[in-house]
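Trainee: So that we are looking at the same thing, I have put the structure below in structure tokens.
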Amino acid sequence: MPVLIVVEDDGWRRVQALDALAERAVGAALAHADHSADKLEVSLLFTGDDEAARLNREWRNKSYVPNVLSFPAAPSAASPEGGAKPLGDVILAAGVVRREAAEQGKTFDAHTAHLVVHGTLHLLGYDHMNQSDASAMEAAETAILRDLGYPDPYQQ
């Protein structure tokens, strides 16, 4: 499973083995959704708050710093011959994720894993715009994180 990882912000150095954590989280989300991980490619950008705010403003016309952004690839995105099909991009903002983890009594690693799973599920079509969809997405996140050895992200 190709996971392309770019780390732009030094705040991400606090996450132990970030690349391995991210690859496991993406792989678990894909497996949970019954997608063949070796045929899909996910790009992860671990950036700072300023860049996440800029992307949110530019692409979503929203003026705040998000913890995570997901941008699904266009349905017509082609796979290189013999290569993985692009699923999309997930962007995480170091400062927001770190602050939320502290406020919620979670480790930075656990909250990062949760948001990578959350962002990947968005790429797969999960959403939380209504209560039914939100419940399904939260149940999927909880199950995936439990399988990865993390506590339920919705229990404090």
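The values are calculated or read from the model by the stated rules, or taken from the named source; none is laboratory data. What you are looking at is a predicted structure, and each value in this text was computed from that prediction instead of being measured. Counting neighbours? That spans all protein chains shown, and the Cβs are built from the backbone with ideal geometry, glycine included.
Trainee: Quick check: anything in the range 76-89 part of a helix (DSSP H, G or I) and either touching a helix residue (DSSP H, G or I) at 6+ places or on another chain (Cβ under 8 Å) or modelled with pLDDT of 95 or more (or both)?
Mentor: no
Trainee: Follow-up question, since we're still on this one. All but one of (1) among the charged types (D, E, K, R); (2) touching a strand residue (DSSP E or B) at 6+ places or on another chain (Cβ under 9 Å); (3) free of Cβ contacts under 8 Å to residues at least 24 places away in the same chain hold for Arg99; which doesn't?
Mentor: Failed condition: (2).
Trainee: Of the conditions (1) under 19 Å from Asp9 (Cα atoms); (2) of a type outside the set (Lys, Arg); (3) buried (at least 16 other Cβ atoms within 10 Å of the Cβ), Ala29 clears all except one; give me its number.
Mentor: Status for Ala29: all satisfied but (1).
Trainee: Quick one: in the range 119-156, of everything that is among the small types (Gly, Ala, Ser) and assigned to a helix (DSSP H, G or I), which residue is surrounded by the fewest Cβ atoms within 10 Å (Cβ to Cβ)?
Mentor: The extreme case among them is Ser132.
One line per residue, one yes/no per condition, for (1) modelled with pLDDT of 95 or more; (2) under 22 Å from Val42 (Cα atoms); (3) among the hydroxyl-bearing types (Ser, Thr, Tyr):
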{"site": "Phe108", "(1), (2), (3)": "yes, yes, no"}
{"site": "Thr112", "(1), (2), (3)": "yes, yes, yes"}
{"site": "Leu115", "(1), (2), (3)": "yes, yes, no"}
{"site": "Gly119", "(1), (2), (3)": "yes, yes, no"}
{"site": "Leu124", "(1), (2), (3)": "no, yes, no"}
{"site": "Asn130", "(1), (2), (3)": "no, no, no"}
{"site": "Arg146", "(1), (2), (3)": "yes, yes, no"}
{"site": "Tyr150", "(1), (2), (3)": "yes, yes, yes"}
{"site": "Gln156", "(1), (2), (3)": "no, no, no"}
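A quick yes/no check of all residues on (1) over 19 Å from Thr107 (Cβ atoms); (2) of a type outside the set (Phe, Trp, Tyr); (3) within 14 Å of the chain's Cα centre (by Cα):
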position	(1), (2), (3)
Ala22	no, yes, yes
Ala25	no, yes, yes
Leu40	yes, yes, no
Leu45	yes, yes, yes
Arg54	yes, yes, no
Asn61	yes, yes, no
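Trainee: If a residue must be within 14 Å of the chain's Cα centre (by Cα) and among the small types (Gly, Ala, Ser), how many such residues does the range 1-20 contain?
Mentor: 1
Trainee: Picking from Ala113, Ala143, Ala84, Ala134, which residue would you name as being touching an Asp or Glu at 6+ places or on another chain (Cβ under 9 Å), at negative phi and in contact (Cβ under 8 Å) with a residue 24 or more places away in the chain?
Mentor: Ala84
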